[in-house]
1. Report the residue count in region 4-15 for those that are of a type in the set (Gly, Ala, Ser) and assigned to a loop (DSSP other than H, G, I, E, B).
2. What is the residue count in region 16-36 for residues that are assigned to a loop (DSSP other than H, G, I, E, B) and at positive phi?
3. So which residues in region 13-42 are charged (D, E, K, R) and surrounded by 12 or more Cβ atoms within 10 Å (Cβ to Cβ)?
Amino acid sequence: MAKFRPPKYRRFGRGARRCQRCGSQDAVITKYGLYLCRQCFREVAPTLGFKKYR
């Protein structure tokens, strides 16, 4: 059995934020307090009221 070390708690930086929907740590959109990764944001953007103009 391999040794397991729990992940380090991060207070600031990119690794401190997680997506509220899927838990991913990369490409998290924090603007307007969304806290969604870009993939989840694309799925729920129309229901949140965001429109794509181009």
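1. So the count comes out to 1.
2. Going through region 16-36 one residue at a time, the tally reaches 3.
3. The answer is 17, 18, 21, 26, 38, 42.
None of the figures in this text is laboratory data; all of them are computed from the coordinates on show. Just so we're clear, the structure is a prediction, and the values are computed from it rather than from any experiment. Every residue, glycine as well, gets a Cβ built from its backbone with ideal geometry; the counts of neighbours run over all protein chains shown.
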